[in-house]
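The values are calculated or read from the model by the stated rules, or taken from the named source; none is laboratory data. Note that this is a predicted model, so its numbers are computed, not measured. Don't worry about glycine lacking a Cβ; one is built from the backbone with ideal geometry, like all the others, and counts go over all protein chains shown. For the accessible areas, the whole protein counts, side chains as well, though only heavy atoms, and no ligand, DNA or RNA atoms are used. Shrake-Rupley method; radii C 1.70, N 1.55, O 1.52, S 1.80 Å.
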Amino acid sequence: MDQMLTIDEIKDRYDSEWILLGDPETDEQLNVQGGTVLFHSSDREELYRKAAELRPKRSAIVYTGSVPEDMEFIL
């Protein structure tokens, strides 16, 4: 999986999955616009383990599913 994909292509291919992207492309607000898919899984913990194993120099993690309206995020 060394092909650069747009975020729309990633969402089409990997619906409701956690995606580890290498060399992510971002816009001015740092929204992910694309990247190289290094790993994908429906299990977030599995993705985190793989990220720790691969230790990519530049990466981003994206979830392609829908987020429940009542969910809160802590950054």
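Structure values in brief
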item	result
Calculated SAXS-style log₁₀ I(q)/I(0) at q = 0.16 Å⁻¹ - the chain, Debye, Cα scatterers	-0.57
Computed magnitude of the charge dipole of the chain (debye, nearest 20; Cβ of K, R +1, Cβ of D, E -1)	440
Signed unit charges on C-beta, dipole axis of the chain, positive-most listed residue Leu20, Thr6, Val62	Leu20
Accessible surface, per residue, of the chain when the full set of protein chains is kept, probe 1.4 Å, Å²	76
Mean separation of Cα contacts under 8 Å (6+ apart) over length of the chain, as relative contact order %	38
